[in-house]
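J.: Please find one structure pasted underneath; my questions will follow.
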Protein chains: 2
Amino acid sequence: MKTDVQIAQEASIRPINELTEYLGIMDNEYELYGKYKAKVSLEVLERLEDKPDGKLILVTAINPTPAGEGKTTVNVGLSMALNKIGRKTITALREPSLGPVFGIKGGAAGGGYAQVVPMEDINLHFTGDFHAITSAHNLLAAMLDNHIHQGNALNIDPKRVVWKRVLDINDRSLRNIIIGLGGTGDGFIRQSGFDITVASEVMAILCLANSFGDLKDRLSRMIVAYTEDGQAVTAGDLEATGAMTLLLKDAIKPNLVQTLENTPAFVHGGPFANIAHGCNSVMATRIGLKLADYVVTEAGFGADLGAEKFFNIKSRFAGLNPAVVVVVATIRALKMNGGVSKNELGYENLSALNVGFANLERHLQNINKFGVPAVVAINKFPTDTDAEIDLLKDRCEGLGVEAILSEVFTKGGAGAIELAEKVVEVCEKKASDYRLLYAVDGSIQEKITTVATEIYRADRVEFTAAAKRQIQEITELGLDKMPVCIAKTQYSFSDNPALLGAPTGFAVTVREVKVNAGAGFIVVITGSLMTMPGLPKVPAANGMDITENGEIIGLS
Amino acid sequence: MKTDVQIAQEASIRPINELTEYLGIMDNEYELYGKYKAKVSLEVLERLEDKPDGKLILVTAINPTPAGEGKTTVNVGLSMALNKIGRKTITALREPSLGPVFGIKGGAAGGGYAQVVPMEDINLHFTGDFHAITSAHNLLAAMLDNHIHQGNALNIDPKRVVWKRVLDINDRSLRNIIIGLGGTGDGFIRQSGFDITVASEVMAILCLANSFGDLKDRLSRMIVAYTEDGQAVTAGDLEATGAMTLLLKDAIKPNLVQTLENTPAFVHGGPFANIAHGCNSVMATRIGLKLADYVVTEAGFGADLGAEKFFNIKSRFAGLNPAVVVVVATIRALKMNGGVSKNELGYENLSALNVGFANLERHLQNINKFGVPAVVAINKFPTDTDAEIDLLKDRCEGLGVEAILSEVFTKGGAGAIELAEKVVEVCEKKASDYRLLYAVDGSIQEKITTVATEIYRADRVEFTAAAKRQIQEITELGLDKMPVCIAKTQYSFSDNPALLGAPTGFAVTVREVKVNAGAGFIVVITGSLMTMPGLPKVPAANGMDITENGEIIGLS
């Protein structure tokens, strides 16, 4: 089979204005960024305010394993298949970060015959959204340190500055730094650090903002530091909100591109899926729902993290009404969850599959708690045997859920026709009864405990002394009435990445709790967390190149 | 009079594809970035290889003072006037940096009725060139620190890493930092810092590259560190060149916008005018010369720094042949050079003007050394008296140079018709005899001494012990056969900013010498140098905002 970049470069890509025309976007409602990318104005939403929304399909997955699940690939393939069977469909995805592109992954825009294009542009700067976020974030940091340097009228405690800086790069040397060295004119000496841009609260806000005004309000509420007497200092207090919004004036607009089969694709925003909610922007999803019959979107990591946050954070804030959830599973990853080692995945193993199915089963039960019907997509690999596929289908049927093969990586949209037909059938026959898992007016402990016991199936939640103190502080600031955004390992339902399958009898330990008052959620950290990745011994960047005639090498 | 932003927003701006058509750029040779910006492909240059070049006009100025000279404004106004008198003209400018936009200046795209538009886009991210440079620069930094962290196969001396990081922001707290703190997985602890993006060698390279291949070659040659036995380690050694070039694949293409009167404008690249050469990109200038009869361009700071570097660095590398130099002067700034304090500039003072004229006179003599004819543009202010203007014209005439009023700030192109006619007349009647001031094969000391004595008119050059040692090291590395790029205060011919007018009897002290092997010049530092600005007590950012309907406040 050809490489991703070969397939992408051979695609019959259409000028993007043909897609805006197909979607009914007016000439004054989009701006071209080259021939194959456009930014769509938020005015579309106002113009189509009274038009009923299309159906919203969430693609999620079992807990990820090194064997791979192919969530984005299924997302892209399913949207192409829906178009093939006559449903006007938009795929809505997150933007890739430059960090992983040059680190390990080498690119992220689907794979095989289920990609979004132009993949090289999407993977490199794209329309500049992440750079705009980096600029806005770091402008605020510079204004904060400048405020301290110029006399500190707000009485900021330099030991309690919580606003770091960001870069869209994997750079471990910037995780922990000391700034402000030099002479008296060179700022205030303090400890600080850089996160990767996708970890910025500005990224989460850009992706949750419901309007331009909401963007500005949320930016204004971001807490950057505390005063010596414990009061929160916000971006608004530093008078940074207007300039930051100005820097984000185009970044807030969804980016329109296309799949290899010319299905419209909004690729917009990309917050972390642990300390943030891990979904593309609300604006992209909402505009998509006005323009199409179906919007197929996804959430980061497995359903315990991604779907939970999609429901309890994104859908809550945006007033979304998800119609169907597609849970992506592979035979290989289920066998890993059943105890098979990576080297043995190529061999048929029905008993391991049977054991590992418990992981999928629990995710399906969880989705049921949100009242949304589910369909399982089996992302087919060449090593899957018929007996394994039959077993998986049977087990799903036993739960009242249909499992359907997806072969989009090798066949494109044609590989997901049956899946698309099933999704349409469920949309038309089973009304979604979407409901939230908890109300925001409970205590922080209650909300964490609800997610940990209902979704992760922990027996109990333990809070470290530090976490208890932080919860008390947030509650005293009156900022506790927000949803919780729990950062946990993606590899297990528990907070121990080694516990595969469907573990029981464990406790979840909450180590740190902080409030993202602008994004509007409380970040809850279990285990250790990396917000600035490092480069591997041989970074993907080493193998990359572009020739004089534009041929790109090493992106995938 | 209206504010710059009011004037800009009321402009009758044309879709940029009307301008590409006017210039004869083919449909496949440009890409739109919104309706009013385009990136022009380097292929234009190949297609028009055999077409004779248009005339190249350099706009420079006397030494700047707080009174202001209006170099960019005259540049833009003159190009509009040339179009008005029937000469197809392109203006070529540098891109503004976000740092000063949010720091003190609040924007930079000309002023009054002589601006380039869309000014808000040009001032904010524009087409992403600076962000691409920031990304490429910092990817190299991350790869370097990662190399040390992962075993340091190249034997880099961590004390001799010369590659810092960059951000396009004014942030004094990042000038001097310690990186790599934390645990064993968090990199190598060493001292480092951030410069502003315009100070990056990548910026200088992007602006000097003669082709895509030349870009890659120059990036590869950049020295990032030295080994423990004193050998240079380059970006090429770190295998970073391909990935960096990939990140710059669009940034290398000139950006086409327009003036308020729809004159085509290339706004592309923006290197510092002290540690770098301070001119827009070679690609923009060269493509402009193929597309138009006249290209009007500029160089940063006064002619002692800007014009000297334009001639000895940019024109040398690009094989340019400047036809005329326009030297911008104001009565106010000449009076300051004649000893008048800032508060007294509004009053007629012929004797001070007479004294201060020595500054302009010396610049005109210097330009004569390069064999290029000069015209003086008097950038008119309301307080200028007829007697002052007559005196200035007389003094210029005494040197055989015509001085002509420019009123472009208040009148646009109509305010520079006479200036435009004079420029055309000089182009047609006085053949330029452009020559370089020195050959690169002299020693570093000789080249520095030539510029310091011939242009600055120093009696002698003093080299600190450190500078002598650095010169010796560069020479031993065999990298001394390059032009010198001297960083000196812009306010005086000397290295003492307080010496206005035309000082004599002074020494220039060279404190530091380093080689930018990729850019291809030797940086010579006199006095202290700031490569990362700070924010003022009340940053321009504080007053900025954008309303829900897109009205922008605080950019100017």
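J.: Could you list, in sequence order, all residues of segment B:445-466 that are assigned to a helix (DSSP H, G or I) and of a type in the set (A, V, I, L, M, F, W, C)?
T.: Filtering segment B:445-466 for residues assigned to a helix (DSSP H, G or I) gives B:445-456, B:465-466.
Of everything in segment B:445-466, those that are assigned to a helix (DSSP H, G or I) and of a type in the set (A, V, I, L, M, F, W, C) turn out to be B:448, B:451, B:452, B:455, B:465, B:466.
J.: Looking only at segment B:172-186, decide whether some residue is under 22 Å from residue B:281 (Cβ atoms), of a type in the set (A, V, I, L, M, F, W, C) and crowded, with 17+ Cβ neighbours inside 10 Å.
T.: Our first condition is that a residue be under 22 Å from residue B:281 (Cβ atoms); within segment B:172-186, this holds for none.
No, every residue in segment B:172-186 fails to be under 22 Å from residue B:281 (Cβ atoms), of a type in the set (A, V, I, L, M, F, W, C) and crowded, with 17+ Cβ neighbours inside 10 Å.
J.: Do we have any residue at all in segment B:419-426 that's modelled with pLDDT under 95, part of a helix (DSSP H, G or I) and over 30 Å from residue B:520 (Cβ atoms)? Write out each step before concluding.
T.: Filtering segment B:419-426 down to residues modelled with pLDDT under 95 leaves none.
Taking every residue of segment B:419-426 in turn, none turns out to be modelled with pLDDT under 95, part of a helix (DSSP H, G or I) and over 30 Å from residue B:520 (Cβ atoms).
J.: Would it be correct to say that residue A:237 is within 14 Å of chain B (Cβ to nearest Cβ), surrounded by fewer than 24 Cβ atoms within 10 Å (Cβ to Cβ) and touching a residue at least 40 places away in the same chain (Cβ under 8 Å)? Write out each step before concluding.
T.: On the way: within 14 Å of chain B (Cβ to nearest Cβ): yes; surrounded by fewer than 24 Cβ atoms within 10 Å (Cβ to Cβ): yes; touching a residue at least 40 places away in the same chain (Cβ under 8 Å): yes.
Spelling it out, residue A:237 is indeed within 14 Å of chain B (Cβ to nearest Cβ), surrounded by fewer than 24 Cβ atoms within 10 Å (Cβ to Cβ) and touching a residue at least 40 places away in the same chain (Cβ under 8 Å).
J.: Scan segment B:175-194 and tell me whether some residue there is out of contact with any helix residue (DSSP H, G or I) (no Cβ under 7 Å at 6 or more places or on another chain), in contact (Cβ under 8 Å) with a residue 60 or more places away in the chain, of a type in the set (Lys, Arg) and within 8 Å of chain A (Cβ to nearest Cβ).
T.: yes
J.: Does segment A:75-88 hold any residues that are outside any loop (DSSP other than H, G, I, E, B), over 15 Å from the mean Cα position of the chain (by Cα) and not hydrophobic (A, V, I, L, M, F, W, C), and which are they?
T.: A:77, A:79, A:83, A:84
J.: Out of segment B:135-159, which residues are crowded, with 24+ Cβ neighbours inside 10 Å and at the interface with chain A (Cβ under 8 Å from one of its Cβ atoms)?
T.: B:135, B:138, B:139, B:141, B:142, B:143, B:145, B:146
J.: Give the residue that is surrounded by the most Cβ atoms within 10 Å (Cβ to Cβ), with candidates limited to residues of segment B:418-427 that are touching a residue at least 60 places away in the same chain (Cβ under 8 Å) and over 17 Å from residue B:70 (Cα atoms). Steps first, answer last, please.
T.: Initial filter on segment B:418-427 (touching a residue at least 60 places away in the same chain (Cβ under 8 Å)): B:419-421, B:423-424, B:426-427.
Add one more test, that the residue is over 17 Å from residue B:70 (Cα atoms), and what stays is B:421, B:423-424, B:426-427.
Numbers: B:421: 15, B:423: 29, B:424: 20, B:426: 23, B:427: 20.
Applying the filter and picking the extreme gives B:423.
J.: Also: Pull out all pairs, ordered by first then second residue, where Cβ-Cβ is under 8 Å, the residues are six or more apart or on different chains, the first lies in segment A:245-265 and is touching a residue at least 40 places away in the same chain (Cβ under 8 Å) and more than 16 Å from residue A:25 (Cβ to Cβ), and the second is among the polar types (S, T, N, Q) and part of a strand (DSSP E or B).
T.: Filtered contacts from segment A:245-265: A:259/A:91; A:259/A:115; A:260/A:115.
J.: Could you please find all residues in segment A:43-74 being touching a helix residue (DSSP H, G or I) at 6+ places or on another chain (Cβ under 8 Å) and either assigned to a helix (DSSP H, G or I) or among the hydroxyl-bearing types (Ser, Thr, Tyr) (or both)?
T.: Of the residues in segment A:43-74, the ones touching a helix residue (DSSP H, G or I) at 6+ places or on another chain (Cβ under 8 Å) are A:43-45, A:47-48, A:51, A:53-70, A:73-74.
The answer is A:43, A:44, A:45, A:47, A:60, A:65, A:73, A:74.
J.: Residues A:508, A:515: which one is touching a Leu at 6+ places or on another chain (Cβ under 6 Å), more than 14 Å from chain B (Cβ to nearest Cβ) and over 30 Å from residue B:147 (Cα atoms)? Before the answer, list the steps.
T.: Values: A:508 fails: touching a Leu at 6+ places or on another chain (Cβ under 6 Å).
Result of the check over A:508, A:515: A:515.
J.: Scan segment B:88-108 for residues that are at pLDDT 90 or above and of a type in the set (Lys, Arg) and report the count.
T.: Of the residues in that region, 2 qualify.
J.: Among residues belonging to segment B:314-351 that are in a strand (DSSP E or B) and of a type in the set (Val, Ile, Thr), point out the one that is surrounded by the most Cβ atoms within 10 Å (Cβ to Cβ). Let's see the steps before the verdict.
T.: Narrowing segment B:314-351 to residues in a strand (DSSP E or B): B:324-329.
Now restrict to residues that are of a type in the set (Val, Ile, Thr): B:324-328.
On the way: B:324: 24, B:325: 30, B:326: 26, B:327: 28, B:328: 26.
The qualifying residue surrounded by the most Cβ atoms within 10 Å (Cβ to Cβ) is B:325.
J.: Go through (1) within 25 Å of the chain's Cα centre (by Cα); (2) at pLDDT below 95; (3) within 14 Å of chain B (Cβ to nearest Cβ) for residue A:34 and report which single condition fails.
T.: For residue A:34, the failing item is (1).
J.: Any idea how many residues of segment B:254-280 are out of contact with any Gly (no Cβ under 7 Å at 6 or more places or on another chain) and part of a loop (DSSP other than H, G, I, E, B)? Break it down into steps so the answer makes sense when it comes.
T.: Pass one, segment B:254-280, residues out of contact with any Gly (no Cβ under 7 Å at 6 or more places or on another chain): B:254-259, B:262-265, B:267-270, B:274-277, B:279.
Remaining after also requiring part of a loop (DSSP other than H, G, I, E, B): B:254, B:262-263, B:268-270, B:274-277.
Qualifying residue count, segment B:254-280: 10.
J.: Taking the condition of being out of contact with any strand residue (DSSP E or B) (no Cβ under 6 Å at 6 or more places or on another chain) and not in a loop (DSSP other than H, G, I, E, B), how many residues in segment B:235-253 meet it?
T.: 4
J.: If you don't mind, there's one more thing I want to ask. Would you check if there is a residue in segment A:57-65 being under 16 Å from residue A:115 (Cβ atoms), buried (at least 21 other Cβ atoms within 10 Å of the Cβ), more than 14 Å from every other protein chain (Cβ to nearest Cβ) and touching a Gly at 6+ places or on another chain (Cβ under 8 Å)? Show your work before the answer.
T.: Residues of segment A:57-65 that are under 16 Å from residue A:115 (Cβ atoms), as a first pass: A:59.
Add one more test, that the residue is buried (at least 21 other Cβ atoms within 10 Å of the Cβ), and what stays is A:59.
Checking the rest, the ones that are also more than 14 Å from every other protein chain (Cβ to nearest Cβ) come to A:59.
Checking the rest, the ones that are also touching a Gly at 6+ places or on another chain (Cβ under 8 Å) come to none.
No.
J.: Could you list, in sequence order, all residues of segment A:369-385 that are among the aromatic types (Phe, Trp, Tyr) and outside any loop (DSSP other than H, G, I, E, B)?
T.: Let us first name the residues in segment A:369-385 that are among the aromatic types (Phe, Trp, Tyr), namely A:370, A:381.
Those that are among the aromatic types (Phe, Trp, Tyr) and outside any loop (DSSP other than H, G, I, E, B): none in segment A:369-385.
J.: Which one of A:413, A:442 is in a helix (DSSP H, G or I) and under 27 Å from the mean Cα position of the chain (by Cα)? Give the steps one after another, and end with the answer.
T.: On the way: A:442 fails: in a helix (DSSP H, G or I).
One residue alone meets the criteria, A:413.
J.: I've got another one for you. Can you tell me which residues in segment B:327-382 are under 22 Å from residue B:422 (Cβ atoms) and among the aromatic types (Phe, Trp, Tyr)?
T.: Hits for segment B:327-382 are B:357, B:370, B:381.
J.: While we're on this one: So if I check each of A:302, A:371, which one is outside the structural domain of residue A:494 (by the TED database) and touching a helix residue (DSSP H, G or I) at 6+ places or on another chain (Cβ under 9 Å)? Show your work before the answer.
T.: Working: A:371 fails: touching a helix residue (DSSP H, G or I) at 6+ places or on another chain (Cβ under 9 Å).
Going through A:302, A:371 in turn, just one is outside the structural domain of residue A:494 (by the TED database) and touching a helix residue (DSSP H, G or I) at 6+ places or on another chain (Cβ under 9 Å): A:302.
J.: Of the residues B:486, B:471, only one is touching a helix residue (DSSP H, G or I) at 6+ places or on another chain (Cβ under 7 Å), within 30 Å of residue B:357 (Cβ to Cβ) and crowded, with 19+ Cβ neighbours inside 10 Å; which?
T.: Working: B:471 fails: within 30 Å of residue B:357 (Cβ to Cβ).
Checking each option against the conditions leaves just B:486.
J.: Among the candidates B:42, B:32, which residue alone is without any contact (Cβ under 8 Å) to a residue 24 or more places away in the chain and surrounded by 17 or more Cβ atoms within 10 Å (Cβ to Cβ)?
T.: Details: B:42 fails: without any contact (Cβ under 8 Å) to a residue 24 or more places away in the chain.
That would be B:32, the only listed residue that is without any contact (Cβ under 8 Å) to a residue 24 or more places away in the chain and surrounded by 17 or more Cβ atoms within 10 Å (Cβ to Cβ).
J.: Mind listing just one residue for me: the one in segment A:218-234 that is assigned to a strand (DSSP E or B) and aliphatic (A, V, I, L, M) and, of those, surrounded by the most Cβ atoms within 10 Å (Cβ to Cβ)? It would help to see each step written out before you state the result.
T.: In the first step, residues of segment A:218-234 are kept if they are assigned to a strand (DSSP E or B); the result is A:223-227, A:232-234.
From what is left, the residues that are aliphatic (A, V, I, L, M) are A:223-225, A:232-233.
Details: A:223: 22, A:224: 25, A:225: 23, A:232: 21, A:233: 23.
So the residue we want is A:224.
Yes/no per residue for (1) basic (Lys, Arg); (2) at pLDDT 95 or above:
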residue: B:81; (1), (2): no, yes
residue: B:86; (1), (2): no, yes
residue: B:110; (1), (2): no, no
residue: B:147; (1), (2): no, yes
residue: B:159; (1), (2): yes, yes
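J.: Quick check on residue B:215: is it free of Cβ contacts under 8 Å to residues at least 12 places away in the same chain, in contact with a Leu (Cβ under 7 Å, 6 or more places away or on another chain) and outside any strand (DSSP E or B)?
T.: On the way: free of Cβ contacts under 8 Å to residues at least 12 places away in the same chain: no; in contact with a Leu (Cβ under 7 Å, 6 or more places away or on another chain): yes; outside any strand (DSSP E or B): yes.
Criteria not met by residue B:215.
J.: Separate question: Across segment B:386-410, what is the total count of residues that are assigned to a helix (DSSP H, G or I) and free of Cβ contacts under 8 Å to residues at least 24 places away in the same chain?
T.: Here is the first cut: in segment B:386-410, the residues assigned to a helix (DSSP H, G or I) are B:386-398, B:408-410.
Checking which are free of Cβ contacts under 8 Å to residues at least 24 places away in the same chain leaves us with B:386, B:390, B:393-394, B:397-398.
So the answer is 6.
J.: Ok, one more. Mind listing just one residue for me: the one in segment B:108-134 that is at the interface with chain A (Cβ under 10 Å from one of its Cβ atoms) and among the small types (Gly, Ala, Ser) and, of those, surrounded by the fewest Cβ atoms within 10 Å (Cβ to Cβ)?
T.: B:128
The values are calculated or read from the model by the stated rules, or taken from the named source; none is laboratory data. The model shown is predicted, which means the values in this text are computed figures rather than measured ones. We place every Cβ from the backbone using ideal geometry, glycine too, and count neighbours over all the protein chains shown.
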